[in-house]
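Engineer: My questions will all concern the structure given below.
The values are calculated or read from the model by the stated rules, or taken from the named source; none is laboratory data. This is a predicted model, so every value here is computed, not measured. Cβ coordinates were reconstructed from backbone atoms using ideal geometry, including for glycine residues, and neighbour counts include every protein chain displayed.
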2 protein chains.
Amino acid sequence: MFERAEFVDRIAGVQSRMAERGFDALLLTQDADIRYLTGFLTRFWESPTRVWFLVVPAQGLPIAVIPSIGAALMAGTVVEDIRTWSAPDYQDDGVSLLIDTLQEVAGRGKIGTPHGIESHLRMPLADWMRLNARLTLVSDEAIMRGARMIKTPAEVEAIRDACQIAGRAFDRVPEIARKGDALSDVFRRFQMLCLEEGADWVPYLAGGAGPDGYEDVISPATDVPLEQGDVLMLDTGVIRNGYFSDFDRNFSVGPPSADVARAYETLLKATQAGEAALKPGNTASDVFHAMDSVCTGGAGGQSAGRLGHGLGLQLTEGLSFIAQDHEVLKPGMVITLEPGVSVSGGAGLMVHEDDYVITQTGWERLSPKPPEHLIRIEA
Amino acid sequence: MFERAEFVDRIAGVQSRMAERGFDALLLTQDADIRYLTGFLTRFWESPTRVWFLVVPAQGLPIAVIPSIGAALMAGTVVEDIRTWSAPDYQDDGVSLLIDTLQEVAGRGKIGTPHGIESHLRMPLADWMRLNARLTLVSDEAIMRGARMIKTPAEVEAIRDACQIAGRAFDRVPEIARKGDALSDVFRRFQMLCLEEGADWVPYLAGGAGPDGYEDVISPATDVPLEQGDVLMLDTGVIRNGYFSDFDRNFSVGPPSADVARAYETLLKATQAGEAALKPGNTASDVFHAMDSVCTGGAGGQSAGRLGHGLGLQLTEGLSFIAQDHEVLKPGMVITLEPGVSVSGGAGLMVHEDDYVITQTGWERLSPKPPEHLIRIEA
């Protein structure tokens, strides 16, 4: 999927940001950051036992300090210097090896690690404290966040692939959802559709169903059956070649109520307002206000807290469409627009989402064009 | 699936450990810990943007300090005191609310948070530093790890359900894998089988294929087709009601080579040696040595680093079958035995895995009985 040159370029991009800010090394501990610079792709991150370290020097290729169980896979990436230990090791789970490597690379220089929003330290705090007793680690000043926010053409194509897969699965929902079906079964069958259409795996599916929309957008499925007049929402993040889609579709079991049809119209209008604001030079905040003026008349958001976000190696990453976010849009950013409206005076909620890449002049939609009316499923 | 009383008991169990060690509060930030005490189950953890805090007081129910997007779902759990903010908030992403809550609950008392192996701090380091500037947080002294290691009867049944689902999917592999099929397609179809058999989702699938076993056990699938004489391994963790299975099965494309058949025999013998050591009073180390004497003649492990581990809310959690782990086995522990052997003088690797609960007198297998010979798929 990705050529070696792709990773060499990404590494150079991060090192150029490091040079501007005087960093001698970065320490990365999370799946998405390590994968971004190396292509190291495994579902083994699901196991919390092993820790994985990537040390990015000021120049040259990154050094992997990893459990021996990952050596064969890492050897297939751009990384040449792979230092391993047999993990888990209760006495010293790679910490000494990491300290030695950081000192070799950075001496007494400036070492950064991600500190900001969306970054988590993926190692035990006890080991972090051992590391800090020997070395000083400071914030990476959002270098990784900034580098990852602008996608390369190959990344955009990977996200487009994932979006097209999810789109084909959404098109087939009327095959697998009917009145009387338990929502939990609809969720299972929808994930099967995503796989059949080419997803490598389906890390995310949420949704809901009810006569006035749904109560929230993060609940797992219950066994409650779909009923005539329900609106069903499925919001999925599928993975293809390590990149995510993240968008949803709404379906009506039989004809929708007038309230639901009106809410869906509002969601499409809000999406169009967002699209109109989606161009280089505008800020995330501009896009938020454009959408919010349609969703709430400018009252300012709802329980979800934002009206879309960045997308890529993670289901959500980078900017947020909130009033506070003044990030300037640039070509290559991949984002979702995700307006929400309350239905029937607050009895429920409806949400619509699509995925886009920012271009030189505006945007290109990566998810298929959304239908003008709610997709009908059999009652 | 789980009654309210289940969570009340789990909370009381943790609070009893807190009382023994003089804790006034615990701060939990990770999915598995929060779910263990509340039942808060969502796939939304896939998004790294929002942080989630649970404050466990010395007495009474835990307090949730969470983004408003999760309030409706949390309200359906045992938690009554739910404090929310509209996240993400770049100025203060719940940190002040968390500090106020911890001070209200613990005053100047002792506050713990998980520090040890398998625990990660799921909040940005910058926010962690703001928190530490106001409060002192120490290690939870492995309270959460210890509490979660002994499963309740309801947890054991949940894990058994997940294992039975995966077992039915493994039985059907000959339906979806044949000579000439790309491994990536086999992976997709196998995940579909898991869903069809009742998995809520499939967070983990790894494996490999080759004439002498596989090179490693964490790689994603390639598009290389299955060939006559290959041994195929699929290792899956499926989720049902929030609990994992974690075991694998090996398949032979046509008749296996003598080396592969012998390796599989050794794996079953190592498993039986592990089973013989699997009883209350023995240690994890005892079980490791029993298996390792069969796998390597006592040479001590291989690249995987361990020969099995605990299982439950996470794919891997709790003890490890390594020489260093002196954890004493107790009834209610759920574990996997996972011996590995090299094939054809190190040309490849084969691994076998099954899941067990420790009983008063020994063990009960939660995964189906493994076949005596490699499962044959069509060549």
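Engineer: Out of B:L61, B:L27, which single residue is farther than 20 Å from B:T136 by Cα and modelled with pLDDT of 95 or more?
Structural biologist: B:L61
Engineer: Could you go through segment A:167-184 and let me know if any residue there is in contact with a Lys or Arg (Cβ under 6 Å, 6 or more places away or on another chain) and away from chain B (no Cβ under 12 Å). Please lay out each step first, then the result.
Structural biologist: Of the residues in segment A:167-184, the ones in contact with a Lys or Arg (Cβ under 6 Å, 6 or more places away or on another chain) are A:170, A:176.
After this cut, where a residue has to be away from chain B (no Cβ under 12 Å) as well, the list is A:170.
Taking every residue of segment A:167-184 in turn, at least one turns out to be in contact with a Lys or Arg (Cβ under 6 Å, 6 or more places away or on another chain) and away from chain B (no Cβ under 12 Å).
Engineer: Which condition does A:T29 not pass, out of (1) in contact with an Asp or Glu (Cβ under 9 Å, 6 or more places away or on another chain); (2) closer than 21 Å to A:P124 by Cβ, if it passes all the others?
Structural biologist: Going through the list (1) in contact with an Asp or Glu (Cβ under 9 Å, 6 or more places away or on another chain); (2) closer than 21 Å to A:P124 by Cβ, A:T29 breaks only (1).
Engineer: So which of A:G281, A:G318 is within 13 Å of another protein chain (Cβ to nearest Cβ), out of contact with any Ser or Thr (no Cβ under 6 Å at 6 or more places or on another chain) and more than 19 Å from A:M233 (Cβ to Cβ)? Step through it out loud before you land on a result.
Structural biologist: Working: A:G281 fails: within 13 Å of another protein chain (Cβ to nearest Cβ).
Just one listed residue meets the conditions, A:G318.
Engineer: Across segment B:331-342, which residue is nearest to the chain's Cα centre (by Cα) among those that are surrounded by fewer than 23 Cβ atoms within 10 Å (Cβ to Cβ) and farther than 21 Å from B:A158 by Cα?
Structural biologist: Here is the first cut: in segment B:331-342, the ones surrounded by fewer than 23 Cβ atoms within 10 Å (Cβ to Cβ) are B:331-332, B:341-342.
After this cut, where a residue has to be farther than 21 Å from B:A158 by Cα as well, the list is B:341-342.
Values: B:V341: 23, B:S342: 25 Å.
Taking the candidates together, the pick is B:V341.
Engineer: So A:T29 clears everything in (1) out of contact with any Ser or Thr (no Cβ under 9 Å at 6 or more places or on another chain); (2) closer than 12 Å to A:M144 by Cβ except one condition, right? Which one?
Structural biologist: (1)
Engineer: Within segment B:73-88, can one find any residue that is facing another protein chain (nearest Cβ under 7 Å), in contact (Cβ under 8 Å) with a residue 12 or more places away in the chain and either charged (D, E, K, R) or farther than 20 Å from A:Q324 by Cβ (or both)? Steps first, please.
Structural biologist: Of segment B:73-88, the ones facing another protein chain (nearest Cβ under 7 Å) are B:73, B:86-88.
Now drop any that are not in contact (Cβ under 8 Å) with a residue 12 or more places away in the chain, which leaves B:73, B:86-88.
Next, only the ones that are either charged (D, E, K, R) or farther than 20 Å from A:Q324 by Cβ (or both) stay: B:73.
Yes, segment B:73-88 has at least one match.
Engineer: While we're looking at this one, here's another question. Could you identify the single residue in B:G308, B:G301 that is modelled with pLDDT of 95 or more and either within 10 Å of chain A (Cβ to nearest Cβ) or over 15 Å from B:L349 (Cβ atoms) (or both)?
Structural biologist: On the way: B:G301 fails: modelled with pLDDT of 95 or more.
It is B:G308.
Engineer: Report yes if A:F251 is in contact with a helix residue (DSSP H, G or I) (Cβ under 7 Å, 6 or more places away or on another chain), within 25 Å of A:V186 (Cα to Cα) and modelled with pLDDT of 95 or more, otherwise no.
Structural biologist: On the way: in contact with a helix residue (DSSP H, G or I) (Cβ under 7 Å, 6 or more places away or on another chain): yes; within 25 Å of A:V186 (Cα to Cα): yes; modelled with pLDDT of 95 or more: yes.
For A:F251, the condition - in contact with a helix residue (DSSP H, G or I) (Cβ under 7 Å, 6 or more places away or on another chain), within 25 Å of A:V186 (Cα to Cα) and modelled with pLDDT of 95 or more - is met.
Engineer: Here's something else I'd like to know. Given the condition under 13 Å from the mean Cα position of the chain (by Cα) and either within 19 Å of B:T49 (Cα to Cα) or among the charged types (D, E, K, R) (or both), answer yes or no: does some residue in segment A:319-326 qualify?
Structural biologist: yes
Engineer: Tally time: how many residues in segment B:89-116 are facing another protein chain (nearest Cβ under 7 Å), under 17 Å from B:D140 (Cα atoms) and without any contact (Cβ under 8 Å) to a residue 12 or more places away in the chain?
Structural biologist: Residues in segment B:89-116 being facing another protein chain (nearest Cβ under 7 Å), under 17 Å from B:D140 (Cα atoms) and without any contact (Cβ under 8 Å) to a residue 12 or more places away in the chain: 0 in total.
Engineer: Regarding B:T316, is this residue over 18 Å from the mean Cα position of the chain (by Cα) and hydroxyl-bearing (S, T, Y)? It would help to see each step written out before you state the result.
Structural biologist: On the way: over 18 Å from the mean Cα position of the chain (by Cα): no; hydroxyl-bearing (S, T, Y): yes.
Against the criterion (over 18 Å from the mean Cα position of the chain (by Cα) and hydroxyl-bearing (S, T, Y)), B:T316 does not qualify.
Engineer: Which of (1) closer than 30 Å to A:G39 by Cβ; (2) in contact (Cβ under 8 Å) with a residue 60 or more places away in the chain; (3) in contact with a strand residue (DSSP E or B) (Cβ under 7 Å, 6 or more places away or on another chain) does A:L374 not meet, given it meets every other one?
Structural biologist: So A:L374 meets the others, but not (1).
Engineer: Same structure, new question: If you check A:R178 against the conditions, is it more than 16 Å from the chain's Cα centre (by Cα), more than 22 Å from B:P124 (Cα to Cα) and assigned by TED's automatic domain parsing to the domain that holds A:F244?
Structural biologist: Numbers: more than 16 Å from the chain's Cα centre (by Cα): yes; more than 22 Å from B:P124 (Cα to Cα): yes; assigned by TED's automatic domain parsing to the domain that holds A:F244: yes.
Yes: the conditions hold for A:R178.
Engineer: Among A:L54, A:L61, A:L125, which is the only one that is within 14 Å of chain B (Cβ to nearest Cβ) and either farther than 23 Å from A:R21 by Cβ or not β-branched (V, I, T) (or both)?
Structural biologist: Values: A:L54 fails: within 14 Å of chain B (Cβ to nearest Cβ); A:L61 fails: within 14 Å of chain B (Cβ to nearest Cβ).
Answer to the selection: A:L125.
Engineer: Still on this structure: Any idea which residue in segment A:26-75 is surrounded by the most Cβ atoms within 10 Å (Cβ to Cβ), counting only those that are under 19 Å from A:E6 (Cβ atoms) and among the hydroxyl-bearing types (S, T, Y)?
Structural biologist: Checking each candidate, the answer is A:Y36.
Engineer: Separate question: Can you confirm whether B:G274 is within 27 Å of B:R145 (Cβ to Cβ), within 13 Å of chain A (Cβ to nearest Cβ), modelled with pLDDT of 95 or more and within 22 Å of the chain's Cα centre (by Cα)? Write out each step before concluding.
Structural biologist: Numbers: within 27 Å of B:R145 (Cβ to Cβ): yes; within 13 Å of chain A (Cβ to nearest Cβ): no; modelled with pLDDT of 95 or more: yes; within 22 Å of the chain's Cα centre (by Cα): yes.
Spelling it out, it is not the case that B:G274 is within 27 Å of B:R145 (Cβ to Cβ), within 13 Å of chain A (Cβ to nearest Cβ), modelled with pLDDT of 95 or more and within 22 Å of the chain's Cα centre (by Cα).
Residue-by-condition table, conditions (1) within 14 Å of another protein chain (Cβ to nearest Cβ); (2) in a loop (DSSP other than H, G, I, E, B); (3) among the hydrophobic types (A, V, I, L, M, F, W, C); (4) farther than 20 Å from B:L98 by Cβ:
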| site | (1), (2), (3), (4) |
| --- | --- |
| B:M1 | yes, yes, yes, yes |
| B:E6 | no, no, no, yes |
| B:D9 | no, no, no, yes |
| B:V14 | no, no, yes, no |
| B:R17 | no, no, no, yes |
| B:L26 | yes, no, yes, no |
| B:L41 | yes, yes, yes, yes |
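Engineer: From the residues in segment B:205-217 that are more than 9 Å from chain A (Cβ to nearest Cβ) and in a strand (DSSP E or B), which one is nearest to A:F44 (Cα to Cα)? Walk me through how you get there before you give the answer.
Structural biologist: Narrowing segment B:205-217 to residues more than 9 Å from chain A (Cβ to nearest Cβ): B:207-214.
If we keep only those that are in a strand (DSSP E or B) too, we end up with B:207-210, B:214.
Details: B:G207: 11, B:G208: 14, B:A209: 17, B:G210: 20, B:Y214: 16 Å.
Restricting to residues being more than 9 Å from chain A (Cβ to nearest Cβ) and in a strand (DSSP E or B), the top hit is B:G207.
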